[in-house]
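Here the structure comes first, spelled out in structure tokens, and everything after it is commentary.
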Amino acid sequence: MGTATATAAEAHDIHDKKKKHPRDPAREVVETVVFVVVLVLLLKLFITEAFVIPTGSMAETLYGYQKIITCPKCGHEFPVNAHDEVENNPTTKRKHRLLGYNCPNCRYQGQVSDLRPEPDTRTGDRVLVLKPLYHLTRPRRGDVVVFKYPDAPQENHIAANYIKRAMGFGGETIAIHRGELFATTTLSYPEGDPQFPRPENPLDLWRLPFTYPNNPQALQLFEDSRRAGFPEKQGGFVIIRKGEQQVLADLRNVWDNDKQPKELFDKLGEKFQPRWKSEIEGRWTPDHPKLSRAFVHNGQSLDWVRYSHLVWQHDEASSRLVPWRWPDPSGKLPVAGPIDNMLGYNAGIEHDFPGRDNGQETLWVGDLILDCEAELGGGAEVVLELSRGVNRFQAKFANGQVTLTRTGPLGDQFGERTRPCPVNTGTHKIRFANVDARLMVWVNDRRIDFTRKEGGETIDDGEYPLVEPVQYEPDDKNSEGWTRANDINAPASIGGKGAVTIRSIKLHRDVYYTQGTKPPAFIYYVQPGHYLCLGDNSAQSSDSRTWGVVPDRLMLGKAVFVFWPAYPRPSRVGFIR
């Protein structure tokens, strides 16, 4: 009774207080708005913030302003940089219309105005950036980071924010060589040494002169390391190997065999040569004489279908391979050449179409990734092969195992490295990558683990030392290291033994970091407390190669999530790799 009476009294007292202090709806609205604003500001200042990507320096991982092009000849869909239609070109200080495009799959060159409907210009990806709570989110190698541009953190009172990957760290010396990145921490740059000057203002350590580009001691160590094959744990330069997720994020289309230009076949007739064909006629049965999308094998010998990169033609004046044009009024046929770093995003043609090149350097890319769907009968085997320079690398799938092998120099030292895998009989999606001097294998989108423990350390049996040719091919005018026997005649191949059917063949390449100088390399020192930041679209990126490194104090955070993709595909919504 006492408890019930007390409770009733308390309720009566509260009721009286509410009468004395009636609700003020306007005040409640103001309090709610203030709370939300404060919460948003706290999130923005300390946790996360949304950014829009304006330029194409991170393509094709992240996109800036672009138009989506569907090639009218092969059906391949790709974005093309349209930044200069929206904002002034940094060189000419004015806007330019995007007039043409160059399909990265079949290399057809067309005019945007001929497309129906004509594609519109889309804004860049919208991403969430996690602010630098340093004990949780300090950048790691390969992280996509946002920072203030060191030379001009603000332009016209607007923050100049850049987005790149953090690929080098304080105390490291980084080398760019033939598309790859290398690092060492054994070089010292003593203060007071006249060849390693310091700025009067310590805040200027980020500037390019204080990265000591291509200084003699670094060049000598790099050359010694190169000749030795960049060995681990010997104090020299070693290759920087990307993780699995970045390898997949960096895939660049070379050829999608399901998207072939029938019009070119109709035009050339018997002169038409397919990119994939059987090495020995009759050993594989194609589903079309010239435009085959599937190949069937039933013999008991190991037989091959091989890829030819038919995008070149011979230039009589220079005796060099130059990019082939399609349509080509001269009627010249494409010939095979080394796989190059052409990127459709950069291949927009803005002026004087069609007489102007797409403005891209054509450089050999040796890091390749091969995908296909393989259907195996009982006792059959399938082999994916990728060439690089003087070597060929194979992943053989048979009897529930995958075996890695290497031919060429030091092939006997590589030996055979075998792991169990699900491929036995039936249909499987298989992928083989040779990236950053490491072989990687996936089956049904799950990577096969080639690591093992030895003496307390983890060893990856897919890794190998880089070996460069003693002599370069006569046609290799730039001393890039490709060979005709491997990188032109057989850059990628698929072998089959027994009952094997191959479909959905796709060939990709890795990101190629351009160095801007002739061999052997371009080398930078990263001052302590700074980062070397590079764009994934290396051929068209303003980054640490040209203006210097990024001070830690200007780091804004890590880009973690695409929440509104400029290139509207569901697969592009999600965490940034």
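Residues that are hydroxyl-bearing (Ser, Thr, Tyr), in a strand (DSSP E or B) and modelled with pLDDT of 95 or more: does the stretch 308-330 have at least one?
Taking the stretch 308-330 and keeping what is hydroxyl-bearing (Ser, Thr, Tyr), we get 308, 318-319, 330.
Filter once more, so that each one left must be in a strand (DSSP E or B): none.
So far as the stretch 308-330 goes, no, none of its residues is hydroxyl-bearing (Ser, Thr, Tyr), in a strand (DSSP E or B) and modelled with pLDDT of 95 or more.
For the stretch 39-95, filtered to residues that are at pLDDT 75 or above and aromatic (Phe, Trp, Tyr), the residue that is nearest to TRP326 (Cα to Cα) is PHE78. Consider VAL296 carefully, then state whether it is without any contact (Cβ under 8 Å) to a residue 60 or more places away in the chain and either in the same structural domain as GLY269 (by TED's automatic domain parsing) or not hydroxyl-bearing (Ser, Thr, Tyr) (or both). No. For VAL441, the conditions (1) in contact (Cβ under 8 Å) with a residue 60 or more places away in the chain; (2) surrounded by 20 or more Cβ atoms within 10 Å (Cβ to Cβ); (3) of a type outside the set (Asp, Glu); (4) under 17 Å from ARG241 (Cα atoms) are fulfilled apart from (1). Residues in the stretch 438-447 that are out of contact with any Pro (no Cβ under 9 Å at 6 or more places or on another chain) and part of a loop (DSSP other than H, G, I, E, B): ASP445 only.
Looking only at residues that are of a type in the set (A, V, I, L, M, F, W, C) and at pLDDT 95 or above in the stretch 399-417, which one is farthest from ILE502 (Cα to Cα)? Give the derivation first.
Looking only at the stretch 399-417, we keep the residues that are of a type in the set (A, V, I, L, M, F, W, C), and these are 402, 404, 410, 414.
Still in the running and at pLDDT 95 or above: 402, 404.
Values: VAL402: 17, LEU404: 20 Å.
Result: LEU404.
Within the stretch 471-493, does at least one residue satisfy the condition of being in a loop (DSSP other than H, G, I, E, B), touching a Leu at 6+ places or on another chain (Cβ under 8 Å) and crowded, with 22+ Cβ neighbours inside 10 Å? Scanning the stretch 471-493, I find at least one residue that is in a loop (DSSP other than H, G, I, E, B), touching a Leu at 6+ places or on another chain (Cβ under 8 Å) and crowded, with 22+ Cβ neighbours inside 10 Å, so the answer is yes.
Looking at ARG569, is it of a type in the set (Lys, Arg) and modelled with pLDDT of 95 or more? So that I can check it myself, show each step before the final result.
Details: of a type in the set (Lys, Arg): yes; modelled with pLDDT of 95 or more: no.
It is false that ARG569 is of a type in the set (Lys, Arg) and modelled with pLDDT of 95 or more.
Here ALA433 clears all of (1) buried (at least 20 other Cβ atoms within 10 Å of the Cβ); (2) touching a Ser or Thr at 6+ places or on another chain (Cβ under 8 Å); (3) of a type outside the set (Ser, Thr, Tyr) except the condition numbered (2).
Let's see how each residue does on (1) of a type in the set (Lys, Arg); (2) modelled with pLDDT of 95 or more; (3) not in a loop (DSSP other than H, G, I, E, B):
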{"residue": "ILE369", "(1), (2), (3)": "no, yes, yes"}
{"residue": "GLY379", "(1), (2), (3)": "no, no, no"}
{"residue": "LEU386", "(1), (2), (3)": "no, yes, yes"}
{"residue": "GLN394", "(1), (2), (3)": "no, yes, yes"}
{"residue": "PHE397", "(1), (2), (3)": "no, yes, yes"}
{"residue": "ARG419", "(1), (2), (3)": "yes, yes, yes"}
{"residue": "ALA433", "(1), (2), (3)": "no, yes, yes"}
{"residue": "ASP449", "(1), (2), (3)": "no, yes, no"}
{"residue": "ARG452", "(1), (2), (3)": "yes, no, yes"}
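For SER571, state whether it is of a type in the set (S, T, N, Q) and either in a strand (DSSP E or B) or in contact (Cβ under 8 Å) with a residue 40 or more places away in the chain (or both). Explain how you work it out, then say what you get.
On the way: of a type in the set (S, T, N, Q): yes; either in a strand (DSSP E or B) or in contact (Cβ under 8 Å) with a residue 40 or more places away in the chain (or both): no.
Here the answer is no, as SER571 does not meet what is asked.
Suppose we keep only residues that are of a type in the set (A, V, I, L, M) and within 22 Å of the chain's Cα centre (by Cα) within the stretch 382-406. Which one would you say is farthest from ASN444 (Cα to Cα)? Once the filter is applied, the top-ranked residue is LEU386. Annotation note: Cβ proximity below 9 Å between a residue of the stretch 152-165 that is within 20 Å of LYS558 (Cα to Cα) and a residue that is at pLDDT below 80 and not in a loop (DSSP other than H, G, I, E, B) (sequence gap 6+ or interchain) occurs for PRO153/ALA159; ALA160/GLN154. Scan the stretch 229-246 for residues that are without any contact (Cβ under 8 Å) to a residue 12 or more places away in the chain and either among the charged types (D, E, K, R) or assigned to a helix (DSSP H, G or I) (or both) and the total you get is 2.
Which of the residues that make up the stretch 454-465 are assigned to a strand (DSSP E or B) and either out of contact with any Ser or Thr (no Cβ under 7 Å at 6 or more places or on another chain) or within 26 Å of GLY378 (Cα to Cα) (or both)?
Residues of the stretch 454-465 that are assigned to a strand (DSSP E or B), as a first pass: 454, 457-460, 463.
Residues satisfying the conditions are GLU454, GLU457, GLU463.
What number of residues within the stretch 70-85 satisfy the criterion of being within 13 Å of ASN346 (Cβ to Cβ) and more than 19 Å from the chain's Cα centre (by Cα)?
Result for the stretch 70-85: 3.
Residues GLY496, GLY516, GLY535, GLY574: which one is within 23 Å of the chain's Cα centre (by Cα) and surrounded by 22 or more Cβ atoms within 10 Å (Cβ to Cβ)? Reasoning before the result, please.
Numbers: GLY496 fails: within 23 Å of the chain's Cα centre (by Cα); GLY516 fails: surrounded by 22 or more Cβ atoms within 10 Å (Cβ to Cβ); GLY574 fails: surrounded by 22 or more Cβ atoms within 10 Å (Cβ to Cβ).
Unique residue meeting the criteria: GLY535.
The values are calculated or read from the model by the stated rules, or taken from the named source; none is laboratory data. Remember, it's a predicted structure, so these values are computed and weren't measured experimentally. Note that we place each Cβ from the backbone using ideal geometry, even for glycine, and neighbour counts take in every protein chain shown.
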